[in-house]
């Protein structure tokens, strides 16, 4: 069963996955709304939306580019402009983002509340999933993150939720989201267990499992189970079904049927 969770950190699963250190504070972008206060100069108070060009209109200064800066950087720059223009001495400026609109990620697939999420600061992959209500019962624990790189190339990276929840994940880098990222949670696969197990039936393949782990999901072998290897019936790409003798550490594939035979003695 897929997990429902509220978490604050995660780590990369796939060897090819890329993650980064914690990003710096939120960078202002087009569409954000800001409030600018100048200490002791109430008439200079400004509330504005950042234009598509990344600018805001500021009294006495005119159009000022603030996109790409965090609040402290933008405030310091504006104060410097007031001083450089001899409008104010020792200007003290405070800038607050009052409405976040510029950085958005999409959360799609088998989550409880799919849709768009506006980033209001550094946001990790698991925080975004928590904001979407967690993975739905029919969802896989295999997470797919799609990102557009600076060169325009699309990057697709897979993560395993179970490994992200593992305590060892604390030693690995958190996956931080960027504007334009897409998180996709696919349907969970299925596998079946028949024969001498305590709870035969159908089970979700929502994360990578070995034969040993899959048998545990079925309650483990009964006392009548054979000690010989488990039979696996697996459908090939052309549609034929192959019978395999599986080892305990072999991976389970979507659609596999595991059969635990009764011992003859």
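So what is the diffusion coefficient of region 33-99 in µm² per second by Stokes-Einstein at 37 °C and 0.692 mPa s, using a Kirkwood Rh over Cα pairs?
On the way: Rh = 11.7 Å.
My calculation gives 280 µm²/s for D.
May I ask you to compute the full-extension gain from residue 86 to residue 178, defined as 0.36 nm times their residue separation minus their alpha-carbon distance, rounded to one decimal in nm? Mind dumping the intermediate values first?
Working: separation 92, 0.36 × 92 = 33.12 nm, distance 3.89 nm.
My answer for the length gained is 29.2 nm.
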**Study point:** Antiparallel bridge percentage (DSSP; both residues within region 104-185; nearest 5)
**Key:** 80
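Which whole-number percent is the relative contact order of the chain (Cα, under 8 Å, 6+ apart)? Kindly include the intermediate steps, with their values, before the conclusion.
Values: 607 pairs, mean separation 52.2, N = 265.
Once normalised by length, the contact order is 20 percent.
Take every Cα pair under 8 Å in region 189-260 that's 6+ residues apart, average their separations, divide by the length, and report that relative contact order as a whole percent. Each step should come with its number before you reach the end.
Numbers: 144 pairs, mean separation 30.2, N = 72.
For region 189-260, the relative contact order is 42 percent.
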Exercise for review: Above 15 angstrom, tally the Cα pairs of region 189-260 and express them as a % of all pairs, no decimals.
Suggested key: 47
**Study point:** region 104-185, relative contact order [Cα under 8 Å, separation at least 6], %
**Key:** 42
Check your understanding: Roughly what would the spin-label model give for residue 96 and residue 144, points 7 Å off Cα along C-beta, in nm?
Key -> 4.2
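Contour minus end-to-end for residue 224 and residue 263, with contour as 0.36 nm per residue of separation and end-to-end as the Cα-Cα distance?
This chain segment gains 13.5 nm when fully extended.
If you take every DSSP beta bridge fully contained in the chain, what fraction is antiparallel? Give it as a percent rounded to 5. Intermediate results must be reported in sequence, preceding the final value.
Values: 48 of 56 bridges.
Around 85 percent antiparallel, to the nearest 5.
What order, most packed first, do the peptides 41-50, 235-244 have when packing is the mean number of other Cβ atoms within 10 Å of each residue? Show your work: numbers first, answer last.
Details: 41-50: 14.5, 235-244: 8.8.
Going from most to least packed, we get 41-50, 235-244.
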Check your understanding: Within region 113-149, what residues put their amide N at less than 19 Å from the label point 7 Å along the Cα-to-Cβ vector of residue 235?
Key -> 140
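Once a ≥ b ≥ c are taken as the square roots of the eigenvalues of the Cα gyration tensor of region 104-185, is the result rounded (a/c under 1.5), prolate (a/b larger than b/c) or oblate (a/b not larger than b/c)?
Rounded, because the longest to shortest axis ratio a/c is under 1.5.
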Check your understanding: Going 7 Å from the Cα of residue 216 in the Cα-to-Cβ direction, what parts of region 119-147 have a backbone nitrogen less than 19 Å from that spot?
Key -> 141-142
Practice item. May I ask you to list the residues of region 202-221 whose amide nitrogen lies under 16 Å from a point 7 Å from Cα along the Cα→beta-carbon direction of residue 194? Key: 202-203
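Just subtract the alpha-carbon distance of residue 158 and residue 39 from 0.36 nm times their residue separation and send over the number in nm, one decimal. Can you show the working numbers first?
Numbers: separation 119, 0.36 × 119 = 42.84 nm, distance 4.86 nm.
Net length gain for the segment: 38.0 nm.
Every number in this text was worked out from the coordinates using simple rules, so none of it is lab data. The structure displayed is predicted, hence computed values, not measured ones. Glycine also receives a Cβ, built like all others from the backbone with ideal geometry; neighbour counts cover every protein chain displayed.
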